1. Can you give the helix-only mean residue ellipticity at 222 nm for the chain, where every DSSP H stretch with n ≥ 4 adds -39500 (n - 2.57) and the sum goes over all residues, rounded to the nearest 500 deg cm²/dmol?
2. Pop out the ³J(HN,Hα) list for the range 191-203 in order, Karplus 6.51 cos²θ - 1.76 cosθ + 1.60 with θ = phi - 60°, rounded to Hz; leave Gly and Pro as x.
3. Provide the gained length on full extension for the span Glu157 to Thr103, in nm with one decimal, where the gain is 0.36 nm per separating residue minus the Cα-Cα distance.
4. Which residues' amide hydrogens lie under 5 Å from the amide hydrogen of Val182, considering only partners 5 or more residues apart or on another chain, with H built in the peptide plane?
5. Could you report the chain's accessible area per residue, 1.4 Å probe, as an integer in Å²?
6. Using label points projected 7 Å from each Cα along Cα→Cβ, tell me how many nm separate Glu217 and Glu69, to one decimal.
7. Looking at this model, which pairs from Lys56/Lys171; Lys10/Lys95; Lys10/Lys171; Lys43/Lys171; Lys19/Lys56 are more than 24 angstrom apart at the alpha-carbon?
8. Would you mind finding the longest exposed-site-free stretch of the chain, with exposed GluC sites (Glu not before Pro) meaning DSSP loop and at most 15 other Cβ atoms within 10 Å?
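The values are calculated or read from the model by the stated rules, or taken from the named source; none is laboratory data. From a predicted model like this one, the values you see are computed outputs, not experimental measurements. In this analysis, Cβ positions are derived from the backbone assuming ideal geometry, glycine residues included, and neighbour counts consider all displayed protein chains. Quick note on the areas: whole protein, heavy atoms, side chains included, nothing else; ligands and nucleic acids left out. Shrake-Rupley method; radii C 1.70, N 1.55, O 1.52, S 1.80 Å.
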Amino acid sequence: MNVQIEPSWKEQLQEEFGKPYFQQLTDSVRREYTVGACYPPGKFIFNAFNLCPFDKVKVVIIGQDPYHEPGQAHGLSFSVQDGVAFPPSLQNIFKEIHDDLGTPMPQSGDLSRWAQQGVLLLNATLTVRAHLANSHATLGWQNFTDAAIKALATHREHIVYMLWGGFARSKSYMIDKQRNLVLESVHPSPLSANRGGWFGQHQFSRCNDYLRQNGLEPIEW
């Protein structure tokens, strides 16, 4: 199967494309996009991979599935397209970055600027039906995105994994904590963050400190 994805990821995930689940997944996603509105637009489904090649990954931030309202999702976890109002989780992410690093609040919620620096903004499920969160969670995407995490865990080291909330933290078993830094916290959504465990964790400065210690350029958050 000729999947349109960034070449280094295509090489790492080649085996997945030949597995029965991936053919079934592809058929299901095509059908879903045919019968109703789904997000992100097709050209952005593999955007997280396309903007952040395998050998450039320095940080991994795992989300659950894309935003499900019009104009928001473009294939990067927690990111929205330019000009779109910041969802509550993204507002809390930016607030914590401001409190941690003293940087001004950004004007854009498009996190492509992070991806291009080596932040893999990976949703576990890469598509969603309009207005219906987690509607594609059972289609098979998690087999694929777990394979991506395992490929990084096997072939790369000195990566910072930011696992926010119970779902993302459930992926930690795949990561060698001796060779990488794992930062775990509650989810940045107001439902979780406002109860404590999100603000004041200094995850972004800790991430950059770790990158510097391993001879890597820090992220301009």
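1. Using -39500 (n - 2.57) per qualifying helix, the result is -10500 deg cm²/dmol.
2. Once rounded to whole Hz, the list reads 4, 9, 4, 6, 8, x, x, 10, 6, x, 8, 6, 5.
3. My answer for the length gained is 16.6 nm.
4. Correct list: Tyr161.
5. Per residue, the chain has an accessible area of 46 Å².
6. Label-label distance for Glu217 and Glu69, simple model: 3.5 nm.
7. Lys10/Lys95; Lys43/Lys171; Lys19/Lys56
8. 1-156
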